[in-house]
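> I'd like to ask you about the structure that follows.
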Amino acid sequence: MASTQPKNDAKSTEPKPEQPVTEKKTAVLEEDDEFEDFPVDDWEAEDTEAAKGNNEAKHLWEESWDDDDTSDDFSAQLKEELKKVEAAKKR
Amino acid sequence: MSLIAEFLTSIRGFVQTQNGDELRNWLLVEPNVAAHYYELGQQLRSTCPPNSDNIEKLVEKHLPEEDDVPEGRGSPWPGFNSFMEEYLKYWRDVDFNDIVKLYGRLSDLLISCANALANPTYGIMLLQTSMSLSEALSKLVMSITKEPHLMAQIQGDMTGDEAGEKKSIVELAADIIQKIFTSCLTDRSSTRWSPPKGKKIAVYLFANLTLKLLFACDKSRLAVQMFTNLSTSGPALSLYPASQRVTFLYYLGRFNFDHGHYMRAHWCFEEAYRQCHPQFLKHRRQILIYWVPSNLLLGRFPSQMLLSRPEAAGFGDVFIPICAAIRTGNFVAFHQALNASRDWLWDRGLYLTLLYRLKPLVWRSFTRKTFLLTWEGGATGNDPNMMTNRAPALSLADLVVTATYVQKLLEGYVPVVAAAGSSAALTTLVPPPGGQPKRLMPSEGLIFGNKQPDLDSMESIVAGLVYAGLLNGFIARQQKKFAVEGAKRKGGNAVAAGWPCPYESIMDRFREDYEDELAAADAGETNEPPGEFEDVPGWVKMG
């Protein structure tokens, strides 16, 4: 068919260990975005993360990320601003 | 014997032996086929002109309906013969350079294939052919949607009869494929909860094909009916091969993401990722592209461990700056982080969602920071008397001060180091070069473009955060303060009490909504019970 889509290629989903995975940002992020057809229909559940339980999954996300540091530049500027406005009110 | 007769005789043999694989292998429609097919077309053009009924006669002659069919054998049926007539007309008329006509022919062919497939006795032998024709049509439609002049031509042809309800070609193609999907779904060879048999084996193959088409053409909302049908009568997803499960959950996740159901999207992506073989890096990467934003919107950041996985290569450059900006409540950094990856995010439909939907989290951190900088109750340490005397609160006036400062930064004002003790300067900012504040787009400003923060707007922002569960307390309107609740329960830690863990708050809010639904169902206010907490419409789990 007169398609401009790249043909789904089974080879492209096979891991290529020699392929560098941390290239420059642009190179890494420029990619084809289709969710390709899998080259195989089925695989064993034991080979997936689902079989390993939830232990690893727990470490994939950070829930507590609050920042209590007020010594950074941005905080210092805000603090300064609050002081100035406070001082102006008192005058 | 003519090539046409030979071809039909072979087809008859496959029908008699119910050989669906061979039917698919022979009933080809793409241009890259053996020369035989073009010869077939040539013969059809010379012997069966469009104004004759020669094709019908040929099909009738070579594909006779048989009377006594032995067990395990098959026979042509009227729907099949109509399909074969359509198939021969396709090769007679096809011109692979005329995409518009090709689209029309291929659509007609798939419609007649879908009709033939619906036959309860023999239809199933066309399952593989239905699949390959559906793939061909959706591939064609996806390529057409990338060519505006072809789109215009096809849409132009559809005026007249259909002018009343004009459907896009994507919609029309999806309708045909969904018809096949429905035919598979309603097959009675197996139940919802037993290993699929008959046409039921292809339910998720056609669902996935439809979804692929709809998402490629930005029409995901059209998938609603399909998910509803699956929820009502679909077979359990777990009964199907891993590739189909993962693909389906990926699209269901994207559907929920597009419709603002980030918790459901997260559940789908989580399961898709977990069930995907680690070898398929590209698929896992594709899942992560949406799973990470789903979690950001739920208040969770990707860990170093996740970002260091090979399938996440380069994602840190996009997401770490966004997370850092949320963490510090720094709106300037937030806009910079999004703009730095704007094209990448935009192409994946993420930019606007993150820009608008992550703002509450930045506001949460920003109000928290303002509280940290202004609340002095904490300075007295653990003195319980101090805690009772002064209830922890964030002054809205202070928030106006810090917000105004940030708004000025967004407008291009430049911070200057004012000399200590300088009496004249009321602000540490100077106007941007050129003297005029930058004109901001609505989304670029803190509130709305160049609107300056004031008490009312800060009150409404804080009220929104309280309502969303991101802040814990209430607005004391007389005092123009946000009063923190529950500090005592947190051992006097007013910050922890007022600004609870966002993910937990969002989860709690989601659970409350679910419990409200349960209560409404118990009270007989709704017909549909809400099911289990983690149910996602369209995702059929074993009952």
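> Which condition from (1) at the interface with chain B (Cβ under 7 Å from one of its Cβ atoms); (2) surrounded by fewer than 16 Cβ atoms within 10 Å (Cβ to Cβ) is the one that A:Glu34 breaks?
(1)
> Could you tell me which residue of the range B:9-32 is farthest from the chain's Cα centre (by Cα), considering only residues that are open to solvent by 30 Å² or more (accessible area, probe 1.4 Å) and among the hydrophobic types (A, V, I, L, M, F, W, C)?
B:Phe14
> Which numbered condition trips up B:Asp513, out of (1) of a type outside the set (S, T, N, Q); (2) surrounded by 13 or more Cβ atoms within 10 Å (Cβ to Cβ); (3) away from chain A (no Cβ under 14 Å)?
Unmet for B:Asp513, out of (1) of a type outside the set (S, T, N, Q); (2) surrounded by 13 or more Cβ atoms within 10 Å (Cβ to Cβ); (3) away from chain A (no Cβ under 14 Å): (2).
> Further question: Of everything in the range B:41-52 that's closer than 19 Å to B:Glu6 by Cα and out of contact with any Leu (no Cβ under 8 Å at 6 or more places or on another chain), which residue is surrounded by the fewest Cβ atoms within 10 Å (Cβ to Cβ)?
Within the range B:41-52, the match that is surrounded by the fewest Cβ atoms within 10 Å (Cβ to Cβ) is B:Ser46.
> Go through (1) surrounded by 13 or more Cβ atoms within 10 Å (Cβ to Cβ); (2) outside the structural domain of B:Arg390 (by TED's automatic domain parsing); (3) under 22 Å from B:Leu358 (Cβ atoms) one by one and return the number of the condition B:Gly531 breaks.
(3)
> Just checking, does the range B:346-356 include any residue being over 23 Å from A:Glu56 (Cβ atoms), over 18 Å from the mean Cα position of the chain (by Cα) and open to solvent by 20 Å² or more (accessible area, probe 1.4 Å)?
no
The rows are residues; the columns are (1) touching a Leu at 6+ places or on another chain (Cβ under 7 Å); (2) in contact (Cβ under 8 Å) with a residue 24 or more places away in the chain; (3) in a helix (DSSP H, G or I).
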position	(1), (2), (3)
B:Pro70	no, no, no
B:Phe80	no, yes, yes
B:Met84	yes, yes, yes
B:Leu88	yes, yes, yes
B:Lys101	no, no, yes
B:Ser107	yes, yes, yes
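> Away from chain A (no Cβ under 13 Å) and of a type in the set (Gly, Ala, Ser), is that true of B:Ala216?
On the way: away from chain A (no Cβ under 13 Å): no; of a type in the set (Gly, Ala, Ser): yes.
Against the criterion (away from chain A (no Cβ under 13 Å) and of a type in the set (Gly, Ala, Ser)), B:Ala216 does not qualify.
> While we're looking at this one, here's another question. What do you reckon, is B:Met158 surrounded by 14 or more Cβ atoms within 10 Å (Cβ to Cβ), over 22 Å from the mean Cα position of the chain (by Cα), of a type outside the set (Lys, Arg) and at pLDDT below 85?
Considered against the rule, which asks whether it is surrounded by 14 or more Cβ atoms within 10 Å (Cβ to Cβ), over 22 Å from the mean Cα position of the chain (by Cα), of a type outside the set (Lys, Arg) and at pLDDT below 85, B:Met158 comes out as yes.
> Check every one of the helices (runs of 4 or more DSSP H) wholly within the range B:427-543 and list those with 2 or more residues that are within 30 Å of B:Lys408 (Cα to Cα).
B:455-467, B:494-498
> Does A:Lys84 qualify as being part of a helix (DSSP H, G or I) and either more than 7 Å from chain B (Cβ to nearest Cβ) or open to solvent by 70 Å² or more (accessible area, probe 1.4 Å) (or both)?
No: the conditions fail for A:Lys84.
> Follow-up. Determine whether B:Tyr38 is assigned to a helix (DSSP H, G or I), open to solvent by 30 Å² or more (accessible area, probe 1.4 Å) and of a type in the set (Ser, Thr, Tyr).
Criteria met by B:Tyr38.
> Let me ask something else. Mind listing whichever residues of the range B:123-148 are open to solvent by 40 Å² or more (accessible area, probe 1.4 Å) and more than 14 Å from chain A (Cβ to nearest Cβ)?
If the condition is that a residue be open to solvent by 40 Å² or more (accessible area, probe 1.4 Å) and more than 14 Å from chain A (Cβ to nearest Cβ), then B:Ile124 is the only one that fits.
> Given the conditions (1) at pLDDT below 95; (2) of a type outside the set (Phe, Trp, Tyr); (3) within 32 Å of the chain's Cα centre (by Cα), and given that B:Thr121 satisfies all but one, which numbered condition is not satisfied?
Of the numbered conditions (1) at pLDDT below 95; (2) of a type outside the set (Phe, Trp, Tyr); (3) within 32 Å of the chain's Cα centre (by Cα), the odd one out for B:Thr121 is (3).
> Residues in the range B:327-337: is at least one under 28 Å from A:Glu56 (Cβ atoms), open to solvent by 20 Å² or more (accessible area, probe 1.4 Å) and assigned to a helix (DSSP H, G or I)?
Yes, that holds for at least one residue.
> So which of B:Arg285, B:Arg245 ends up being open to solvent by 10 Å² or more (accessible area, probe 1.4 Å), farther than 18 Å from B:Gly538 by Cβ and free of Cβ contacts under 8 Å to residues at least 60 places away in the same chain?
B:Arg285 is the lone residue from the list that is open to solvent by 10 Å² or more (accessible area, probe 1.4 Å), farther than 18 Å from B:Gly538 by Cβ and free of Cβ contacts under 8 Å to residues at least 60 places away in the same chain.
> Out of all the residues in the range B:215-226, which are open to solvent by less than 10 Å² (accessible area, probe 1.4 Å) and either assigned to a loop (DSSP other than H, G, I, E, B) or within 27 Å of B:Phe280 (Cα to Cα) (or both)?
Taking the range B:215-226 and keeping what is open to solvent by less than 10 Å² (accessible area, probe 1.4 Å), we get B:223, B:226.
Selection gives B:Ala223 alone.
Residue-wise test of (1) among the acidic types (Asp, Glu); (2) more than 14 Å from chain A (Cβ to nearest Cβ); (3) within 30 Å of the chain's Cα centre (by Cα).
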| residue | (1), (2), (3) |
| --- | --- |
| B:Lys451 | no, yes, no |
| B:Glu459 | yes, yes, no |
| B:Leu470 | no, no, yes |
| B:Val484 | no, yes, no |
| B:Gly498 | no, no, no |
| B:Asn527 | no, yes, yes |
| B:Gly531 | no, yes, yes |
| B:Gly538 | no, yes, yes |
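> Oh, and also: Taking the condition within 20 Å of the chain's Cα centre (by Cα) and in contact (Cβ under 8 Å) with a residue 60 or more places away in the chain, does B:Trp291 pass?
It is false that B:Trp291 is within 20 Å of the chain's Cα centre (by Cα) and in contact (Cβ under 8 Å) with a residue 60 or more places away in the chain.
Per-residue answers, yes or no, for (1) at pLDDT below 95; (2) in contact with a helix residue (DSSP H, G or I) (Cβ under 6 Å, 6 or more places away or on another chain):
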site	(1), (2)
B:Ala216	yes, yes
B:Ser220	yes, yes
B:Leu239	no, no
B:Phe248	no, yes
B:Arg264	no, yes
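The values are calculated or read from the model by the stated rules, or taken from the named source; none is laboratory data. What you are looking at is a predicted structure, and each value in this text was computed from that prediction instead of being measured. Every residue, glycine as well, gets a Cβ built from its backbone with ideal geometry; the counts of neighbours run over all protein chains shown. We work out accessible area using only protein heavy atoms, side chains counted, and drop any ligands, DNA or RNA first. Shrake-Rupley method; radii C 1.70, N 1.55, O 1.52, S 1.80 Å.
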